[in-house]
Amino acid sequence: METKYTYHASAQWHLLDRGFVELEHGAPRLINFSAPPEFGGERGFWTPEHFLLAAISSCFVATFRAVATASKLEFQGIEVAVDGVLEKDSGGFRFTKVNLKPVVIVYAEAERERAHRLLEKAEKLCLVTRSLSCTVEVEPKVFAEQPIAV
């Protein structure tokens, strides 16, 4: 297995108050972005701040799925809401705190504790949160629900 990987994305800006991001290998479409409105950007577009939070939540989901699959945990789904606090310090604005709120739904009450342990493992392994210098807090919840008969 390799020990180093390189990824690529590019961002461009041409007119107005928005730009676009393009991913490597011809991703299906461009993603328009702007600075946040509070920093002079245009409403209704992705911002770099949103991209970071989306990277955090999607990485946590992917990490949990990998950990759950390796542990053979069957679960109905996972949702990870994330809030980030942006504050100004002597060097400028930066994220000072990120709060993740993962919610996992398992099929049986007996699997709740194991799902909690796997959420803790995902927290330790998530590469995006491990790469942050701000405080990262995780508030996990696990619910047990019987599958709906179809």
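Any read-out appearing in this document is the output of simple, stated calculations on the displayed coordinates, not a laboratory observation. A quick note: this is a predicted structure, and the numbers were derived from the prediction, not measured. Here the Cβ positions follow ideal geometry from the backbone for every residue, glycine too, while neighbour counts run over all protein chains shown.
Provide the gained length on full extension for the span Asp83 to Arg65, in nm with one decimal, where the gain is 0.36 nm per separating residue minus the Cα-Cα distance.
Length gained, Asp83 through Arg65: 4.4 nm.
Starting from the 7 Å offset along Cα-to-Cβ, what nm value, one decimal, do you get for the label separation of Ser90 and Glu42?
Placing both labels 7 Å along Cα→Cβ, they lie 3.9 nm apart.
Taking neighbour Cβ counts within 10 Å as the exposure measure, how do Asp83, Asp89 sort from fewest upward?
Details: Asp83 11, Asp89 8.
With the fewest neighbours first, Asp83, Asp89 line up as Asp89, Asp83.
Relative to the longest principal axis of the C-alpha atoms of the chain, give the angle of the C-alpha long axis of helix 112-125, reported between 0 and 90° and rounded to the nearest 10°.
30
Which longest uninterrupted range of the chain lacks any chymotrypsin sites (Phe, Trp or Tyr not before Pro) assigned by DSSP to a loop state (not H, G, I, E or B) and surrounded by at most 14 other Cβ atoms within 10 Å? Mind dumping the intermediate values first?
Working: sites that count: Tyr5, Tyr7, Tyr107.
Counting at most 14 other Cβ atoms within 10 Å as exposed, the longest clean stretch of the chain is 8-106.
Would you count, across the chain, every pair of lysines whose alpha carbons are under 18 angstrom apart, provided the pair is eight or more residues apart or spans two chains?
Numbers: Lys72/Lys121; Lys88/Lys97; Lys97/Lys124; Lys101/Lys121; Lys101/Lys124; Lys101/Lys141; Lys121/Lys141; Lys124/Lys141.
So the count of such lysine pairs works out to 8.
Give me a comma-separated list of calculated 3J(HN,Hα) values for the range 88-104, in order, Karplus coefficients 6.51, -1.76, 1.60 applied at θ = phi - 60°, integers in Hz, x for any Gly or Pro.
Here the 3J(HN,Hα) series is 8, 10, 4, x, x, 7, 7, 6, 9, 7, 10, 10, 9, 10, x, 10, 10 Hz.
For Lys124 and Glu74, FRET efficiency with R0 = 30 Å and r from the beta-carbon atoms, rounded to 0.05?
Details: r = 22 Å, r/R0 = 0.74.
With R0 = 30 Å, the Cβ-Cβ based efficiency is 0.85.
Quick one: what Rg and Dmax do you get for the chain from the alpha carbons, in Å?
When restricted to the Cα atoms of the chain, Rg and Dmax are 18.3, 58 Å.
When only DSSP loop residues count, what GluC sites (Glu not before Pro) in the range 38-105 have their Cβ near at most 15 other Cβ atoms within 10 Å? Write out the running numbers ahead of the final one.
Values: sites: Glu38, Glu42, Glu49, Glu74, Glu79, Glu87; in loops: Glu42, Glu74.
When the GluC sites (Glu not before Pro) of the range 38-105 are filtered for loop state and at most 15 Cβ neighbours within 10 Å, Glu42, Glu74 remain.
Arrange the following residues from fewest to most other Cβ atoms within 10 Å of their Cβ: Cys59, Cys126, Cys134. Please report the intermediate quantities before stating the final value.
Values: Cys59 19, Cys126 24, Cys134 14.
Placing the least packed residue first, the sequence is Cys134, Cys59, Cys126.
Please determine, in degrees from 0 to 90 and to the nearest 10, the orientation of helix 48-70 with respect to the longest principal axis defined by the Cα atoms of the chain, where the helix direction is its Cα long axis.
20
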